[in-house]
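The values are calculated or read from the model by the stated rules, or taken from the named source; none is laboratory data. Bear in mind the structure is a predicted one, so any value in this text is a computation, not a measurement. Here the Cβ positions follow ideal geometry from the backbone for every residue, glycine too, while neighbour counts run over all protein chains shown. Protein only, heavy atoms only, side chains kept; ligands, DNA and RNA dropped before computing areas. Shrake-Rupley method; radii C 1.70, N 1.55, O 1.52, S 1.80 Å.
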Amino acid sequence: QTLQLAAVPNCTVVGVCDLYDDYAQEAADGIQKRTGKRPATYSGDKDAYKRMLQELKPDAVIINTNWDTHAQFAIDVMESGAHAFVEVPLATTIEDLWRVVDTAERTQKHCMMMENCNYGREELMFLNMVRQGLIGELLHGEASYIHELRSQMFDVERGCGSWRTYHYAERNGNLYPTHGLGPVAQYMNIARTDDTFDRIVSFGSPALGRAKFAKENFPADHKWNQMEFKCADMSNSIIKTKAGRTILVQWDETSPRPYDRKNLIQGTEGTLAGYPTRIAGEKISPKPEEDLTHAHAGGAEIDDMGGYHRWFQGKQAVKVMHDKWDHPLYKRLGADAEAHGGHGGMDYIMDYRLVYCLHNGLPLDQDVYDAAEWSAVQELSRISLENGSKPVKF
């Protein structure tokens, strides 16, 4: 994250803080190599960041620590007079989400959850298409984060697995909802119109994969083999919005299957979907005789009304989509994003936007209310599961 920020115009990384000094020095080395300027480093204890805030008085702080610290760190940053930019999720409890929102309102500081998936090329293109009305009135979305991450359990003493593994053991629910949900919420203009999330109902599969992995890869007396993993391998939730729309939200970081965020948005006149990128609709699909890719799936007949009976997809089709509907932001920044990297360039575009908005006094693309609403799925899904999968109000 710091390397992408260091490459953004009109932005200087002045400090790096980490619990471990070698991590802080490694980040500082990378920034120095990219910019020629070495930031100050802070490390050694859990309060090192407070010294950084007091001594450097930064304008903004990026918080990419473990989940349980996000809320308090964001609060401390805003209290110090800086804007807070927080990795997902914003917080793990409804109580902490309210604390962050209250602090942002009281201090009048920005607090943005850094949902980088909103800045992927596909997600930006779909947002552009939705805003142009190409799929009509929106009805339904599908959002997931399916990413096999069992290998993180080898991070026993420090690193992501050293704290993340405990979350699988301590509670159930969708622990990481926002990578898929953030883009769908923005397609639907959630909380920017009268529509917002209303209620959620959740179900979970058995919790088997983590215990199996621990048994196969660690000694019998290892602490991972002494745990009872409570969190379902596959979490399934359905959100109902106040306008009546539905969103399927899935999460699975355990099962051996390919990466998938679904990224589906369905309207009265068409559907856009990811993994792989594909579209179908009355206004956007080519006629059968114009199809540039392959025959439709399933052998169904194609009528003369258009090509919405099969997906328009494939390498050549995606190029056509990009040429017609790439978001203006990607057209302007895409080459720089690819050069600087960060999850395919989405991190750079996100960082560019937040710096640009701050410099120009503009509202951020995502605000503290987005962060709270999307992150609330974590605890609300748990509550639904613990109550026999009953609906829970947002």
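The table that follows gives values for the structure above.
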| quantity | calculated |
| --- | --- |
| Single residue of Ala60, Ala74, Ala82, Ala91 found to be open to solvent by 20 Å² or more (accessible area, probe 1.4 Å) and hydrophobic (A, V, I, L, M, F, W, C) | Ala60 |
| Wholly enclosed helices (runs of 4 or more DSSP H) of the range 324-380 bearing at least 1 residues touching a strand residue (DSSP E or B) at 6+ places or on another chain (Cβ under 7 Å) | 346-359, 368-375 |
| Of all residues making up the range 169-205, the number that are acidic (Asp, Glu) and open to solvent by 40 Å² or more (accessible area, probe 1.4 Å) | 2 |
| Every residue from the range 95-126 that is closer than 26 Å to Tyr348 by Cβ and either without any contact (Cβ under 8 Å) to a residue 60 or more places away in the chain or among the aromatic types (Phe, Trp, Tyr) (or both) | Lys109, Tyr119, Phe126 |
| Subset of the range 141-167 that is open to solvent by less than 40 Å² (accessible area, probe 1.4 Å) and more than 19 Å from the chain's Cα centre (by Cα) - its residue that is nearest to Pro256 (Cα to Cα) | Met153 |
| Any pair with Cβ under 8 angstrom, 6 or more apart, that starts in the range 361-378 at a residue that is within 15 Å of Phe197 (Cα to Cα) and ends at one that is aromatic (Phe, Trp, Tyr) | Ala372/Trp98; Glu373/Phe197; Glu373/Phe394; Ala376/Phe197; Ala376/Phe394; Gln378/Tyr176 |
| Residue among Ala24, Ala48, Ala104, Ala84 that alone is within 25 Å of Gly341 (Cβ to Cβ), in contact with a Cys (Cβ under 6 Å, 6 or more places away or on another chain) and at pLDDT 95 or above | Ala84 |
| Qualifying residue in the range 99-106 (condition: more than 30 Å from Tyr49 (Cα to Cα), in a helix (DSSP H, G or I) and open to solvent by less than 40 Å² (accessible area, probe 1.4 Å)) | no |
| Of all residues in the range 287-334 being at pLDDT 95 or above and of a type in the set (Phe, Trp, Tyr), the one that is surrounded by the fewest Cβ atoms within 10 Å (Cβ to Cβ) | Trp325 |
| Some residue of the range 179-187 being in contact with a strand residue (DSSP E or B) (Cβ under 9 Å, 6 or more places away or on another chain), within 25 Å of Leu364 (Cβ to Cβ) and in a strand (DSSP E or B) | no |
| Residue count for the range 18-42, restricted to those that are surrounded by 13 or more Cβ atoms within 10 Å (Cβ to Cβ) and basic (Lys, Arg) | 2 |
| Flag for Gly361 being open to solvent by 10 Å² or more (accessible area, probe 1.4 Å), on the phi > 0 side of the Ramachandran plot and under 19 Å from the mean Cα position of the chain (by Cα) | no |
| Tally of residues being under 15 Å from Asn64 (Cα atoms) and either open to solvent by 40 Å² or more (accessible area, probe 1.4 Å) or assigned to a helix (DSSP H, G or I) (or both) across the range 1-16 | 5 |
| Per-region count, the range 271-286, residues at pLDDT 95 or above and open to solvent by 10 Å² or more (accessible area, probe 1.4 Å) | 6 |
| Positions within the range 23-58 being under 27 Å from Thr92 (Cβ atoms), touching a residue at least 12 places away in the same chain (Cβ under 8 Å) and either of a type in the set (A, V, I, L, M, F, W, C) or not in a helix (DSSP H, G or I) (or both), in sequence order | Ala24, Ala27, Tyr42, Ser43, Gly44, Asp45, Lys46, Ala48, Met52, Leu53, Pro58 |
| Among residues of the range 241-257, those that are over 14 Å from Ala143 (Cβ atoms) and in contact (Cβ under 8 Å) with a residue 24 or more places away in the chain, counted | 7 |
| Failed criterion for Glu115 (all others in (1) open to solvent by 60 Å² or more (accessible area, probe 1.4 Å); (2) closer than 20 Å to Glu373 by Cα; (3) charged (D, E, K, R) hold) | (1) |
